[in-house]
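Q: Shown below is the structure under consideration.
The values are calculated or read from the model by the stated rules, or taken from the named source; none is laboratory data. It should be emphasised that the depicted structure is a prediction, and the values quoted were computed from it without experimental measurement. Virtual Cβ from ideal backbone geometry, glycine too; neighbours counted across all protein chains shown. Quick note on the areas: whole protein, heavy atoms, side chains included, nothing else; ligands and nucleic acids left out. Shrake-Rupley method; radii C 1.70, N 1.55, O 1.52, S 1.80 Å.
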Amino acid sequence: MAAAIKSVSTRYPIGEIVFARSFFALIPLLIWLAWRAELPAALKTRNLRSHLKRGITGASSMFAGFTALQFLPLSEAVAIGYTAPLVVVVLAALVLKERVRIYRWSAVTIGFAGVLIMLSPHLGVGGPIGGNAAIGAALALAGAFFSAFAAVEVRLLTQTEQTGAIVFYFMLLTSLLGLSTIALGWTIPTPQDALLLFVIGILGGLGQILIVQAYRYGDASLIAPFDYSSMLWAIAIGWFWFGEWPASAILIGAAIVMASGIYVILREHQLGLARRAQREVDSSRMS
């Protein structure tokens, strides 16, 4: 999906791409919910305000991340996006008041060091500061931060909302926000590009459904690390499609960030098991 977005990002306004990504993603989502006989119950909500906040932050992440693809190699944009899980840990401590111990803080600190290594070519290390690539790196980083804020909002939404509602209202709101940019001027796509924009949305919708199903059948500690395999796909597709190859700083920094992220995931899994065991002990004592 990201490769397709990159291929059209220089020919069409970002708002138009955000609309296509979100609106056409509703098609596989609604088909999936209908197949599971969850319509219309799955779309009921009791927390429209949180949906709105998640939609705004998620749309901001899309606008920034999609624009970054204009200026960066595919693998570099994907690698900088790995900053998001690290930021989620920080926000979980500050916003959700979760207790984060020294082990996870250490992993996050090391992870941010990896981010700095990835950004070093754009910070004047070994070259001049500025240029389109620097703008792209800044936008990719901003997109990661917005994505982290959206992820925290999703954590809050899961306490009261069904998965179908969370995904549906996100796609609906981002579609409307993308559509609002039509006043700034859209470009009528060629038949080939229209098909590509349609495919972008379908891929995005299918991707979210597959992720939801993966978490339904597997533990988060098992599923989440597979997200980092997107770096391998980004390198392969970037090389075949765009003739790009990531710089050594990107590969080194991405490896550090991925290792830190996987450690955080495994650590949270261990803490989750410990909390579950403690609840069972407390429950047996009360009974």
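Q: Can you pull out every residue in segment 29-61 that is under 19 Å from the mean Cα position of the chain (by Cα) and open to solvent by less than 40 Å² (accessible area, probe 1.4 Å)?
A: Matches in segment 29-61: Leu29, Ser50, His51, Arg54, Gly55, Thr57, Gly58, Ala59, Ser60, Ser61.
Q: Still on this model: Quick one: in segment 149-203, which of the residues that are of a type outside the set (A, V, I, L, M, F, W, C) and within 22 Å of Val87 (Cβ to Cβ) is surrounded by the fewest Cβ atoms within 10 Å (Cβ to Cβ)?
A: In this case the residue turns out to be Gln159.
Q: Here's something else I'd like to know. Answer yes if at least one residue in segment 50-67 is farther than 21 Å from Leu195 by Cα and without any contact (Cβ under 8 Å) to a residue 12 or more places away in the chain, and no otherwise.
A: no
Q: Being under 17 Å from the mean Cα position of the chain (by Cα) and under 30 Å from Leu96 (Cα atoms) is the filter here; which residues of segment 173-205 pass it?
A: Residues satisfying the conditions are Leu173, Thr174, Ser175, Gly204, Gly205.
Q: On to the next question. List pairs: first residue in segment 246-261 and under 22 Å from Val88 (Cα atoms), second residue surrounded by fewer than 19 Cβ atoms within 10 Å (Cβ to Cβ) and hydrophobic (A, V, I, L, M, F, W, C) anywhere in the structure, Cβ distance under 7 angstrom, at least six positions apart or on different chains.
A: Ile256/Ile110; Ile256/Ala113; Ser260/Ile110
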